[in-house]
Structures are given as C-alpha cells and as structure tokens.
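The values are calculated or read from the model by the stated rules, or taken from the named source; none is laboratory data. Bear in mind the structure is a predicted one, so any value in this text is a computation, not a measurement. Note: ideal-geometry Cβ built from the backbone for every residue, glycine included; neighbour counts use all protein chains shown.
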Amino acid sequence: MRSVIFVLLAASGLAACDNPVAQQATVDTVHDAVRSDTMVAVNFAPGAGQLNAAQLDALKAMVAAGRRAQRDEFAVVVDGSGGAVQKMRAQRVAQNLSDSGARWVTTAVEPAMAMGPNSVVVVRSEYLIASNRCPNYTPAAMWNPNEAAMPGFGCADAYNMGQMLARPRDAAVGRPPGPADGTVNAEAVARYREGKVRPLNTTGMIGVGGGAASAPPATN
C-alpha cells in the first residue's frame, strides 16, 4: 500500500512539471510586440467629398484617445470600389488625422474589405512590448519545477526598449537598413578627392567667446 502511495505521489509530481521548452519559449517572447487594433468607419453620403462636423469630431476623438497618438499607426483603408472619389476621401481623412496630431498615417487599398464605394475605414494599431502580464507573479506562474527563468525576467528591459522606440511598429515589422558605414565613408573620400566636399551647415550654430565669435573672418 505504501509503495502505491509513493507511485501516485511521483506521478502527480511529474504531471505538475511543465514542458521546459514551452516554458522557456514563453519567457523568450517578452520582447515581442503585441498589436491591438481600433477601427472607425467614416461613411460619406453619395457624391459628398467633405467631412461633416460629426466625422471630424470622431476622428479627433480617435487621435486623442490614450497618450500615444505620435507613436501609434493610423491606416486609412478603402476597398477601391469608389475609384478616384474614394481615394480623394481617404486623402482628406488622412490629412485630418495628421492635423489632429497623428504622426504615422498611411493609406491603403484592400479590396477584400468590401466596405463599399462610400466608406473609408481608419485602423489605429498600437504595438505594446512587455505590457501584457509582464511581470507575472501569480502563484501559478511562480511554480517553477524546471528551474526556468523567473516570470519577470527581462520585463523591465523589454518595457524600456518599447518606450524608447519612436515608432513601436519597428519592433514587429522593422525597417529597411540604410547604407553601411563603409559605403558612406567611401563616398565621402571620393568627394574629397574630386574636390566636391559638401559645405558645412552652420545654421543655428552659436559662437562662444563673446566678441571674438562675432568678428568677421579674416581674408587673405
């Protein structure tokens, strides 16, 4: 009987152990950006091209919601069924979003949305890092039979990285890389050898040293 009890205890203990690979994979996703979308439909009267007062207020309220208008993505989407008029409406909606404080505003044509020729949809996408249950110190999460990383490991670093990004979307999508340093340096050397050095932009520079800084340059 005693051996049966020991076997049952061992079996229950093994059953409580999580898959170590899955547990570590959960920890490794702490730097992944999580996307959350909010959508607003702007419906125009047939033949109308201007936004009415209610639509303007709705767009301003959408931009003003939260505190990340200059960091979130605003996509103005049409299905293309309205031709040039629908595209013109999308441009006006996008301009109004920019005027209201949105920074990253784009337009797109998505025929699969099938919204109709008189509708424009605004999709606001928010990318958050380490904002969903991170750190997670609930008793269930603290049970760690596999000796994996603690539930809060990396949360502060991931959160700070997300706050430092001017465009949080970069954490999920990225951007095309610019030219390598070697290419830029080689082009600068080539311009120097050809006598085509770019003039230094001194706009906004303030001289130090009182009268000496304001004296005109000497000429030979």
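One residue stands out in segment 161-186 among those that are in a loop (DSSP other than H, G, I, E, B), more than 14 Å from Arg71 (Cα to Cα) and not hydrophobic (A, V, I, L, M, F, W, C): the one that is nearest to the chain's Cα centre (by Cα), namely Gly174.
Return yes or no: is Arg92 basic (Lys, Arg), touching a residue at least 40 places away in the same chain (Cβ under 8 Å) and farther than 22 Å from Leu128 by Cα? Here the answer is yes, as Arg92 does meet what is asked.
Residues checked against (1) acidic (Asp, Glu); (2) at pLDDT 85 or above; (3) over 23 Å from Glu147 (Cα atoms); (4) more than 16 Å from the chain's Cα centre (by Cα):
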| residue | (1), (2), (3), (4) |
| --- | --- |
| Met1 | no, no, yes, yes |
| Phe6 | no, no, yes, yes |
| Ala10 | no, no, no, yes |
| Ala16 | no, no, no, yes |
| Val27 | no, no, no, yes |
| His31 | no, no, no, no |
| Pro46 | no, yes, yes, yes |
| Ala53 | no, yes, yes, yes |
| Ala64 | no, yes, yes, yes |
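Counting only residues that are within 18 Å of Val85 (Cα to Cα), free of Cβ contacts under 8 Å to residues at least 60 places away in the same chain and not in a loop (DSSP other than H, G, I, E, B), segment 20-64 holds 1 of them.
Count of segment 35-56 residues, restricted to those that are in contact with a Ser or Thr (Cβ under 6 Å, 6 or more places away or on another chain) and over 12 Å from Val120 (Cα atoms), is 2.
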